[in-house]
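Let me begin by presenting the structure, written as structure tokens, before commenting on it.
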Amino acid sequence: MPAGIRLPHQTIRARSPVASASRPIVPFVAATVRIGTCSWADQGLLAAWYPRGVSTAETRLRYYAERFDVVEVDSPYYALPDPAVTERWARRTPDAFTFHVKASAAMTWHEGEPTDAAFGEFRAALEPLELSGKLRGVLLQYHPRFVKSAAARAELARAPERLTPLVPLVEFRHRSWMDEDEREDTLAFLARHDLAYVSLDSPRTRASNVSPRVAAATHRVAYVRFHGRNAKTWNIRGAETAAERFDWLYTAEELGEWVEPLARLADEAEEVYAMFNNNRDDFAPRSAQILRGLLDESGIPAAGGIEPPPTELTLF
């Protein structure tokens with residue numbers, strides 16, 4: 001396995017065909033790695049990715065959905081959208097398109113202890129999207145003060161009931177959860193409570209708000225976020241936008257380290273998502289294209305990160 005990405009010793013969730021007198025053997029099929037980005041409307045994308053003429057909210061989302069079949073929406077972390085807006089998201093995307101949405105700051109200890117009301121307000125804002133069947137997961141990116149403890153575990157255990165039937169996607173921002181001596185216990189806890197661990201690619205630093213690169217599936221949904229590897233800007237002070245923190249364009253060599261772990265996740269989980277949050281300029285979709293090429297070369301089923309075939313022009 002490539003250096004720097006370690007899977008836990010135990011298999012948290014695996015699928016295997018089971019034969020019986022009444023149940024035939026079902027051939028095993030690995031999950032498709034669905035690639036996307038953590039926004040379709042960041043300023044960098046508007047300036048560097050969308051071609052001239054793709055300049056409205058509707059045309060941008062449709063352009064994105066021609067190239068990816070999944071997106072993570074991070075703007076609700078800062079402000080909840082009007083339900084009419086989320087209804088338009090659903091209407092402007094294909095039937096098989098999938099949304100994951102980042103939880104509001106009030107849900108993840110960024111504004112004090114989360115309440116049922118905060119979760120209720122979030123669900124109400126996203127209700128049209130959820131009713132469309134296109135909303136799959138909710139990213140719970142916890143504040144670095146959310147250190148591993150009995151109280152923190154109790155808070156995590158409430159998430160499935162507050163979000164059902166949506167998938168709670170848990171991203172830790174304090175390394176106490178995934179230090180080597182705590183890792184196995186943390187992953188087992190998440191699996192018991194039907195919580196999906198979010199695997200991370202981020203800088204290697206000693207900062208307490210950076211988790212080690214561990215690829216693991218604790219749920220039928222496996223989720224990986226690529227934050228970039230810019231250690232100099234990870235905790236930059238006074239940044240005006242998130243793009244200053246996640247200023248990193250991945251190389252094929254760096255993403256190549258993830259080919260084998262993603263293949264293993266595709267064997268262990270029923271759904272696998274690889275989402276790029278390196279949102280400087282057009283770095284996220286460019287990195288996504290690189291990963292797609294690497295997965296294709298390795299024969300790993302993947303979706304997203306390719307240009308659609310050109311529209312044929314006719315004279316009639």
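The values are calculated or read from the model by the stated rules, or taken from the named source; none is laboratory data. No experiment lies behind these values; they were computed from the predicted model shown. No Cβ is skipped: glycine too gets one built from the backbone with ideal geometry, and neighbour counts run over all protein chains shown.
The table for this structure:
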item	result
Boolean, A79 is of a type in the set (A, V, I, L, M), in contact with a helix residue (DSSP H, G or I) (Cβ under 9 Å, 6 or more places away or on another chain), surrounded by fewer than 15 Cβ atoms within 10 Å (Cβ to Cβ) and farther than 18 Å from V167 by Cα	no
Whichever residue in the stretch 46-83 is in a loop (DSSP other than H, G, I, E, B), of a type in the set (D, E, K, R) and touching a residue at least 12 places away in the same chain (Cβ under 8 Å) and, among such residues, is nearest to A105 (Cα to Cα)	D74
Any hit, the stretch 235-258, residues being touching a Lys or Arg at 6+ places or on another chain (Cβ under 7 Å), touching a residue at least 40 places away in the same chain (Cβ under 8 Å), in a loop (DSSP other than H, G, I, E, B) and surrounded by fewer than 18 Cβ atoms within 10 Å (Cβ to Cβ)	no
Failed condition for G228, given (1) under 30 Å from D185 (Cβ atoms); (2) at pLDDT below 95; (3) more than 14 Å from the chain's Cα centre (by Cα)	(3)
Subset of the stretch 164-187 (residues that are within 15 Å of V221 (Cα to Cα), out of contact with any Gly (no Cβ under 8 Å at 6 or more places or on another chain) and either modelled with pLDDT under 95 or outside any strand (DSSP E or B) (or both))	T164, P165, L187
Filtered residues of the stretch 96-117 (kept if closer than 15 Å to G133 by Cβ and either in a strand (DSSP E or B) or more than 20 Å from the chain's Cα centre (by Cα) (or both))	T98, F99, H100, V101
Members of the stretch 142-161 found to be outside any helix (DSSP H, G or I), without any contact (Cβ under 8 Å) to a residue 40 or more places away in the chain and under 12 Å from W177 (Cα atoms), listed by number	Y142, R145, F146, V147, K148, S149
Per-region count, the stretch 232-264, residues under 18 Å from the mean Cα position of the chain (by Cα), hydrophobic (A, V, I, L, M, F, W, C) and at pLDDT below 80	3
Qualifying positions in the stretch 196-208 - surrounded by 15 or more Cβ atoms within 10 Å (Cβ to Cβ) and farther than 15 Å from K232 by Cβ	A196, Y197, V198, S199, L200, D201
Residues of the stretch 99-129 that turn out to be within 24 Å of E66 (Cβ to Cβ) and out of contact with any Gly (no Cβ under 8 Å at 6 or more places or on another chain), as a count	5
